[in-house]
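Student: Dumping the structure here so I can ask a few things about it.
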């Protein structure tokens, strides 16, 4: 009675880190118990059936055969003897009816088990689905965290390699530029991995909160209802058995009274409360999963997304990366023809010298454009640090001016080539003579001069070769195809064909 007054529930008092496993197991066990109760009553039915058949058979044989008692006895004894036979047959009929009633109740319980087994399958399937969804969310988070750590480690190593090469005066500028490009790309990949990790963390916490605060309590309510319905059904079944038992001869009366008493004493709420009290736990749902930043001894390593994330992506004091660290500034050579060269060099020699200088300028512009892109990323990176961002913007402006100066120098060299007015070697000014190239359209172009590729990404060609240009970039390098090969080409060496 005391337990029946407790205000316990599965959803409020049995939510724990073990999830649905205890309830899935218990629902299976109680159905086996209910099936066992059905089988036991079936055995009782068979026992009464056997007894009934024996009683009826003996009574029937006594009617058909003459006995010594009926032949020799007289008076009241004969009447009593005949009454025994009649009572025997009557008792057999009562036992037979009880057997049928016990069997019917056994079958009713068995059918209930089948019905609840099907209901349990659906309930367990829903519980397992929710559990799997939560586990998958946590698994996705762990994969994102591992990928984040791996990409940060790669970016960290690439950045240290670049800074070391930059500080080493013996490293060639081109090599430094390659390391800078690799560091910038690695940093981009690590930044994206960090964003993916934080996104997975947010989703995992949302999924975990929904599971423990909403989904799990709802399923536990269904498990409790499942058990309440089973207990209520069995209480009714036991009361029916007590009723059947009461129809049997007085020898069963005391047993029948006990059946009635224990059936009436059954309390569905009390049993539920007792089960909860025995299994109650104080485990609270897991706390939100926390952001775990990549740890490094490199004080220069930092990600863009980490500045806006839960905490910095490195431990200890972090030194800001200056925009100047992303700009190699080798001493710029002098371009063009000197007065002495104008006098001493022949026309072909002048053209050759200018072509070499233009090619060198193209490489320099290409490298400086790459540095500019890195500086633009720094400007975004310092969004939460106005002072550092202001410095980065100033250095980015200087870089843009530097690129503009280099392009102006290149145009001056191209004009000098035009002024030489050589039919075979006069270069076309790409800014005045070439028609704009439509986007995503292949056009043909004629090579004004020969060009030898300096790396695998470029394409070699001879003067007057016809190339199929598939892409034009503002840096002055186009992408073209010829004789089954493709690569980058200098645009100022080409003249578009109509």
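The values are calculated or read from the model by the stated rules, or taken from the named source; none is laboratory data. The model shown is predicted, which means the values in this text are computed figures rather than measured ones. Using ideal geometry, Cβ is built from the backbone for each residue, glycine included, and neighbour counts are taken over all protein chains shown.
Student: Take residue 354 and tell me if it is over 30 Å from residue 392 (Cβ atoms) and assigned to a helix (DSSP H, G or I).
Tutor: Values: over 30 Å from residue 392 (Cβ atoms): yes; assigned to a helix (DSSP H, G or I): yes.
Spelling it out, residue 354 is indeed over 30 Å from residue 392 (Cβ atoms) and assigned to a helix (DSSP H, G or I).
Student: Another one. Only one of these conditions is not met by residue 228: (1) in contact (Cβ under 8 Å) with a residue 60 or more places away in the chain; (2) surrounded by fewer than 18 Cβ atoms within 10 Å (Cβ to Cβ). Which number is it?
Tutor: Among (1) in contact (Cβ under 8 Å) with a residue 60 or more places away in the chain; (2) surrounded by fewer than 18 Cβ atoms within 10 Å (Cβ to Cβ), the lone unmet condition for residue 228 is (1).
Student: Let me ask something else. Return the residues of segment 466-478 that are touching a strand residue (DSSP E or B) at 6+ places or on another chain (Cβ under 7 Å) and either under 16 Å from residue 414 (Cβ atoms) or surrounded by fewer than 16 Cβ atoms within 10 Å (Cβ to Cβ) (or both); say none if nothing qualifies.
Tutor: The first filter runs over segment 466-478 and keeps only residues touching a strand residue (DSSP E or B) at 6+ places or on another chain (Cβ under 7 Å), leaving 466-472, 476-478.
Those that are touching a strand residue (DSSP E or B) at 6+ places or on another chain (Cβ under 7 Å) and either under 16 Å from residue 414 (Cβ atoms) or surrounded by fewer than 16 Cβ atoms within 10 Å (Cβ to Cβ) (or both): 466, 468, 470, 471, 476, 477, 478.
Student: List every residue pair whose Cβ atoms lie under 9 Å apart, where the two residues are 6 or more positions apart in sequence or sit on different chains, the first residue falls within segment 390-408 and is on the phi > 0 side of the Ramachandran plot and exposed (fewer than 14 other Cβ atoms within 10 Å of the Cβ), and the second residue, located anywhere, is at pLDDT below 80 and assigned to a helix (DSSP H, G or I).
Tutor: From residues that are on the phi > 0 side of the Ramachandran plot and exposed (fewer than 14 other Cβ atoms within 10 Å of the Cβ), there are no pairs.
Student: Among the candidates 247, 282, which residue alone is modelled with pLDDT under 80 and either over 41 Å from the mean Cα position of the chain (by Cα) or in a loop (DSSP other than H, G, I, E, B) (or both)?
Tutor: 282
Listed here are the residues, each with its yes/no results for (1) within 50 Å of the chain's Cα centre (by Cα); (2) assigned by TED's automatic domain parsing to the domain that holds residue 470; (3) modelled with pLDDT under 70.
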site	(1), (2), (3)
391	yes, no, no
398	yes, no, no
406	yes, no, no
415	no, no, no
426	no, no, yes
435	no, no, yes
